[in-house]
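I have placed the structure first, in the form of structure tokens, so that the comments after it can refer back to it.
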Amino acid sequence: MKILLKGGNVYENGSFSKKDVAVNDGIVSEISSNISVGDFDIVFDVSDKAILPGFVDVHVHLREPGFSYKETIESGTLAAAKGGYCAVCSMPNLNPAPDSVENIMVQKKLIDEGAKVRVYPYAAITVGRKGRGELADMESLSGHAVAFSDDGTGVQTEKLMEEAMIKAASLDKIIAAHCEDESLLFGGYIHDGEYAKAHGHKGISSESEWAQVRRDISLAKKTGVKYHVCHISTKETVELIRQAKADGVDITCETAPHYLVLSDNDLKESGAFKMNPPIRSKSDKEALIEGIKDGTIDMIATDHAPHSKEEKSKGLEKSMMGIVGLETAFGVLYTHLVQKGIITFERLVELMSINPAKRFEIDNELKAGKKANLTVIDTKAQYTVKPSSFLSKGRSTPFEGMHLTGESILTFSDGKIAWRKK
């Protein structure tokens, strides 16, 4: 099959230029101006559309094995393809937890059978992904996992995290840390800020995140591990990471669209506004935006975390933590960051595509001779977020009803068309 993308604005080497992209049997065969349409099986007119290296989301919950009523690998990766993602990294909040080769192979079999885009699984840091106890068999797992994480649980003791970092460093693997000191939670479930105080809710302190980040930075400096901080949400965390980078620590981090666009002033009495870490204060949001502008924050991930309707319909206090994000991420970020002049489109491509792929060694290069892993973006498309139209089984999003501009209309993953807007 020979496919031509005709007349797009192609992102190459940090900038856009008007070119055509030819894909021959799944391989990008040519990127140049005025390719003749003569011998192609399919020609897509993508005039005034952007052609980008496919997005890479390093923080996605696909829920299989163990929780397929929330999401399946098939439904989650279809949602990813619709959102412009050519690859995702699947978090280890599963049953069984991927803490042994036997367990991670259960997941990999499901990936082989159902994935519509490339899926790179995490392995657990600890046995049972409990954040305490003993380390998983990291050496045996190393060849099967993109990195190690206990996401959903912070590693609770300094000694255990140091052991994990030493082992990961010896294996040349990333530790991707969910930073949460459980001794500082005090039963909280939203940010300990203005909204919590005004409405009688128990708050989660910012220190529960940044104190563990501070601890881990010290350990990363000591061990030399590749250290990645998941879903950062506080201004203190941004400053700690900024200083760690200046000190030469091998550290990267991600934040998520909801932390960049919303603050606790926007909260409503709905499970659609409940996630972990929580949406924080306006000053935290502003610090995160500065972090994406100055390079302190390396990438944006969705933390796509689907739950059933019942699990998300119990208000802020009793709903499960987690929202979906794969199908809204680009539109939310393009509308609220690029169109408002906060960052450039080129910078957004770095945050969603270039940087995550580089750090996690996932090939999505848009170049002749490479497999097609790309997305075509209509930057003029306007629409309203309607969860009923999601391909994900999850429906809970704080962006419901929001008017957005910019969406993926065509996604290739591993040389194949994974999504095409009809």
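Scanning the range 372-386 for residues being under 19 Å from the mean Cα position of the chain (by Cα) and either at pLDDT below 95 or more than 19 Å from Tyr334 (Cα to Cα) (or both) gives a total of 1.
With respect to being touching a residue at least 12 places away in the same chain (Cβ under 8 Å) and either out of contact with any strand residue (DSSP E or B) (no Cβ under 6 Å at 6 or more places or on another chain) or open to solvent by 10 Å² or more (accessible area, probe 1.4 Å) (or both), Ile73 fits the description.
If you check Gly331, Gly406, Gly401, Gly394 for being open to solvent by less than 60 Å² (accessible area, probe 1.4 Å) and closer than 20 Å to Val119 by Cβ, only one passes: Gly394.
Given the criterion open to solvent by 50 Å² or more (accessible area, probe 1.4 Å), modelled with pLDDT of 95 or more and under 25 Å from Val261 (Cα atoms), identify the matching residue among Glu365, Glu350. Walk me through how you get there before you give the answer.
Working: Glu365 fails: under 25 Å from Val261 (Cα atoms).
None of the others qualify; the one that does is Glu350.
Yes/no per residue for (1) under 19 Å from the mean Cα position of the chain (by Cα); (2) among the β-branched types (Val, Ile, Thr); (3) modelled with pLDDT of 95 or more:
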{"site": "His258", "(1), (2), (3)": "yes, no, yes"}
{"site": "Val261", "(1), (2), (3)": "yes, yes, yes"}
{"site": "Glu269", "(1), (2), (3)": "no, no, yes"}
{"site": "Ala272", "(1), (2), (3)": "yes, no, yes"}
{"site": "Asn276", "(1), (2), (3)": "yes, no, yes"}
{"site": "Ala287", "(1), (2), (3)": "no, no, yes"}
{"site": "Gly291", "(1), (2), (3)": "yes, no, yes"}
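Within the range 4-42, the set of residues being open to solvent by 50 Å² or more (accessible area, probe 1.4 Å), farther than 15 Å from Phe412 by Cα, among the small types (Gly, Ala, Ser) and assigned to a strand (DSSP E or B) comprises Ser15 only. If the condition is being assigned to a loop (DSSP other than H, G, I, E, B), without any contact (Cβ under 8 Å) to a residue 24 or more places away in the chain and small (Gly, Ala, Ser), then the range 387-422 contributes only Gly401.
For the range 323-360: of the residues being among the charged types (D, E, K, R) and outside any loop (DSSP other than H, G, I, E, B), which is nearest to Ile300 (Cα to Cα)?
We begin by selecting, within the range 323-360, every residue among the charged types (D, E, K, R); these are 327, 340, 346-347, 350, 358-359.
Pick out the ones that are also outside any loop (DSSP other than H, G, I, E, B) and you get 346-347, 350, 358-359.
On the way: Glu346: 14, Arg347: 11, Glu350: 9, Lys358: 13, Arg359: 13 Å.
Filtering first and then ranking leaves Glu350.
Right, Asp45: more than 21 Å from the chain's Cα centre (by Cα), surrounded by fewer than 24 Cβ atoms within 10 Å (Cβ to Cβ) and either within 22 Å of Thr379 (Cβ to Cβ) or in contact (Cβ under 8 Å) with a residue 60 or more places away in the chain (or both) or not? Spelling it out, Asp45 is indeed more than 21 Å from the chain's Cα centre (by Cα), surrounded by fewer than 24 Cβ atoms within 10 Å (Cβ to Cβ) and either within 22 Å of Thr379 (Cβ to Cβ) or in contact (Cβ under 8 Å) with a residue 60 or more places away in the chain (or both).
Of the residues making up the range 281-311, those that are open to solvent by 20 Å² or more (accessible area, probe 1.4 Å), in contact with a Ser or Thr (Cβ under 7 Å, 6 or more places away or on another chain) and in contact (Cβ under 8 Å) with a residue 40 or more places away in the chain are Ser281, Asp298, Glu311.
Looking at Lys358, Lys340, Lys370, Lys318, which one is in contact with an Asp or Glu (Cβ under 8 Å, 6 or more places away or on another chain) and open to solvent by 30 Å² or more (accessible area, probe 1.4 Å)?
Values: Lys358 fails: in contact with an Asp or Glu (Cβ under 8 Å, 6 or more places away or on another chain); Lys340 fails: in contact with an Asp or Glu (Cβ under 8 Å, 6 or more places away or on another chain); Lys318 fails: in contact with an Asp or Glu (Cβ under 8 Å, 6 or more places away or on another chain).
Among Lys358, Lys340, Lys370, Lys318, only Lys370 is in contact with an Asp or Glu (Cβ under 8 Å, 6 or more places away or on another chain) and open to solvent by 30 Å² or more (accessible area, probe 1.4 Å).
So for the range 48-56 (the condition being open to solvent by less than 10 Å² (accessible area, probe 1.4 Å), part of a loop (DSSP other than H, G, I, E, B) and modelled with pLDDT of 95 or more), does at least one residue qualify? Yes, there is a match, as at least one residue in the range 48-56 is open to solvent by less than 10 Å² (accessible area, probe 1.4 Å), part of a loop (DSSP other than H, G, I, E, B) and modelled with pLDDT of 95 or more. Within the set of pairs 6 or more residues apart or between chains, which connect a residue that is of a type in the set (Phe, Trp, Tyr) inside the range 76-103 to a residue that is crowded, with 24+ Cβ neighbours inside 10 Å with Cβ atoms less than 7 Å apart? The qualifying pairs are Tyr85/Gly54; Tyr85/Phe55; Tyr85/Val56; Tyr85/Asp57; Tyr85/Val117; Tyr85/Leu326. Among residues of the range 107-130 being farther than 24 Å from Glu361 by Cβ and assigned to a helix (DSSP H, G or I), the one that is most open to solvent (accessible area, probe 1.4 Å) is Glu113.
Which ones in the range 288-322 are part of a helix (DSSP H, G or I) and over 25 Å from Ile343 (Cβ atoms)?
Going through the range 288-322, the residues part of a helix (DSSP H, G or I) turn out to be 288-294, 315-318.
Across the range 288-322, the qualifying residues are Gly315, Leu316, Glu317, Lys318.
Which of the residues belonging to the range 62-88 are of a type in the set (Gly, Ala, Ser) and at negative phi?
Taking the range 62-88 and keeping what is of a type in the set (Gly, Ala, Ser), we get 66, 68, 75-76, 79-81, 83-84, 87.
Of everything in the range 62-88, those that are of a type in the set (Gly, Ala, Ser) and at negative phi turn out to be Ser68, Ser75, Gly76, Ala79, Ala80, Ala81, Gly83, Ala87.
Where residues in the range 373-386 are of a type outside the set (A, V, I, L, M) and assigned to a loop (DSSP other than H, G, I, E, B), which of them is surrounded by the most Cβ atoms within 10 Å (Cβ to Cβ)? Filtering the range 373-386 for residues that are of a type outside the set (A, V, I, L, M) and assigned to a loop (DSSP other than H, G, I, E, B), the one surrounded by the most Cβ atoms within 10 Å (Cβ to Cβ) comes out as Asn373.
The values are calculated or read from the model by the stated rules, or taken from the named source; none is laboratory data. Note that this is a predicted model, so its numbers are computed, not measured. All Cβ positions, even for glycine, are placed from backbone atoms using ideal geometry, and neighbour counts span all protein chains on display. Heads up: the accessible areas ignore ligands, DNA and RNA and are worked out on the full protein's heavy atoms, side chains in. Shrake-Rupley method; radii C 1.70, N 1.55, O 1.52, S 1.80 Å.
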